């Protein structure tokens, strides 16, 4: 899934949960943590595999449920210590929704080998075409198929709902950018 698809899935899930549980839209800082969490597995694995050759593929280390088993209690402990549980939980929702949305549709029909990356390094990484970086991935492997259109559609729906929710995080981002010292 592409970054906008991961962001859309994470936001739609998170806003549904916060509205149901707290009867209010998401708040700014947790929404920013959610957005970061929704991208984190790719921000770690893709450069380490594609640019530095340190991992066997773009879905290995941070896409593994073994890392999640360590990450969840670690993030919760830090969030509790800083009294920012909502921020930690939002990050984890984004992170875990990324892993769920990367699971290939074939898994539903019993093709579990395509999701073996979820148990890397216990299970071998599924074969992956060589990629020489993110630009190479965009230029050579990106095609507008039905899967990509679904992601764009999800992103459009997420943007509309995010806007309806009051665009949480946008005001905070503007404030931070306005306070930046000019060069």
Return the only residue of 89, 40 being under 17 Å from the mean Cα position of the chain (by Cα) and surrounded by fewer than 19 Cβ atoms within 10 Å (Cβ to Cβ). 40
Quick test of your reading of the structure: residue 30 fulfils all but one of (1) closer than 30 Å to residue 165 by Cβ; (2) surrounded by fewer than 21 Cβ atoms within 10 Å (Cβ to Cβ). Name the failing condition by number. (2)
Would you list the helices (runs of 4 or more DSSP H) that sit entirely within the stretch 1-108 and hold 1 or more residues that are under 25 Å from residue 149 (Cα atoms) and at pLDDT 95 or above? 3-22, 28-46, 85-102
Condition check: modelled with pLDDT of 75 or more, out of contact with any helix residue (DSSP H, G or I) (no Cβ under 8 Å at 6 or more places or on another chain), under 22 Å from residue 10 (Cβ atoms) and not in a loop (DSSP other than H, G, I, E, B). Does residue 153 satisfy that? yes
Considering each residue of the stretch 1-27, count those that are exposed (fewer than 15 other Cβ atoms within 10 Å of the Cβ) and touching a residue at least 12 places away in the same chain (Cβ under 8 Å), and give that number. 1
Applying the selection to the stretch 109-122, what residues are outside any helix (DSSP H, G or I) and farther than 14 Å from residue 59 by Cα? 110, 111
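The values are calculated or read from the model by the stated rules, or taken from the named source; none is laboratory data. In this text, all values refer to a predicted model and were calculated from it rather than measured experimentally. Every residue, glycine as well, gets a Cβ built from its backbone with ideal geometry; the counts of neighbours run over all protein chains shown.
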